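Notes to accompany the following structure.
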Amino acid sequence: MSTSLKIKQTEQKPIDIGVARDDRKELADVLSVALADTYVLYGLTQHVHWNVTGPMFYGLHKLTEEQYEDQAEAIDEMAERIRSIGFASPGGLHQMLAMTRMKEIPEAHEADDMIRLLITGNEACARSLREAVARAEKCDDVKTADLLTERIGEHEENTWMLRALVS
């Protein structure tokens, strides 16, 4: 993890799920970054939902509502998965901003520019999730790999739908 913010192990009885503690720790770290990226994208998606204007307003307003509701569920699932493997989930905007890889987010006011921001954000989340899937597969955590693989598909579909709006 590129940030100095580290995830702590939770106070609980030892976990024996067939994945070594060190592997679970590395997985929690990479999963936390994917969670932070999704959290930032969630905020961007709501921003577009609230502020889009113009001829695409209604369609984009509805699409972004569907997307941020899905992202909210994904955030909860990823945070709970981190807890399930024995570590505390990051929380709060400060921690999410410190951990996300989406550091440079330009301001966008026009609908096309807002859509491009969401495309970039969804692509960033897909990349982040792929890293976490690779880590989960390396330590044979099929549950985490399955959860995250499904999320990659959601981000790819979001990107496709958003691209269709600006093509």
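No value in this document is a laboratory result; all are computed from the given coordinates. Treat the numbers as computed from the prediction; the structure is a model and nothing was measured. Using ideal geometry, Cβ is built from the backbone for each residue, glycine included, and neighbour counts are taken over all protein chains shown.
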Query raised in the report: Tilt of helix 57-84 relative to the longest C-alpha principal axis of the chain, in degrees (0 to 90, nearest 10)?
Result: 10
Report task. Would you grab the residues whose amide H sits under 5 Å from the one on F87? Only those 5+ places off in sequence or on another chain, please, with H modelled 1.01 Å from N. Result -> T10
Report task. Give a quick list of GluC sites (Glu not before Pro) in segment 28-137 that DSSP marks as loop, anything other than H, G, I, E or B, with at most 12 other Cβ atoms within 10 Å. Result -> E104, E107, E110
Requested in this report: Using only Cα atoms, tell me the angle between helix 21-51 and the longest principal axis of the chain; keep it within 0 to 90° and round to the nearest 10.
Outcome: 20
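How large is the translational diffusion coefficient of segment 77-160 in µm² per second when you combine the Kirkwood radius over alpha carbon pairs with Stokes-Einstein at 37 °C and 0.692 mPa s? Don't skip to the end; give the middle numbers.
Values: Rh = 14.3 Å.
Rounded, D is 230 µm²/s.
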Requested in this report: Using every pair of alpha-carbon atoms in the chain, split the distances into 10 Å bins beginning at 0 and state the percent of pairs per bin, rounded to integers.
Outcome: 11, 39, 31, 14, 5, 0
Query raised in the report: Which FRET efficiency value, to the nearest 0.05, is calculated for E26 and W50 with the Förster distance at 41 angstrom and r the Cβ-Cβ distance?
Result: 0.65
Report summary line: Taking Cα atoms only, helix 142-166 is inclined relative to the longest principal axis of the chain by an angle, in degrees rounded to 10, of 10
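Counting only helical runs of four or more DSSP H residues, what would the 222 nm mean residue ellipticity of the chain come to if each run contributes -39,500 (n - 2.57) and the total is spread over all its residues? Walk me through the intermediate numbers first.
Working: 5 runs with 120 residues, N = 167.
Estimated from H runs of four or more residues: -25500 deg cm²/dmol.
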**Report entry** C-alpha center-to-center spacing [segment 28-55, segment 91-105] in angstrom
**Finding:** 10
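What FRET efficiency would be calculated for the residue pair F57, H94, taking the C-beta separation as r and a Förster radius of 35 Å, to the nearest 0.05?
Numbers: r = 32 Å, r/R0 = 0.93.
Working from the Cβ atoms, E equals 0.60.
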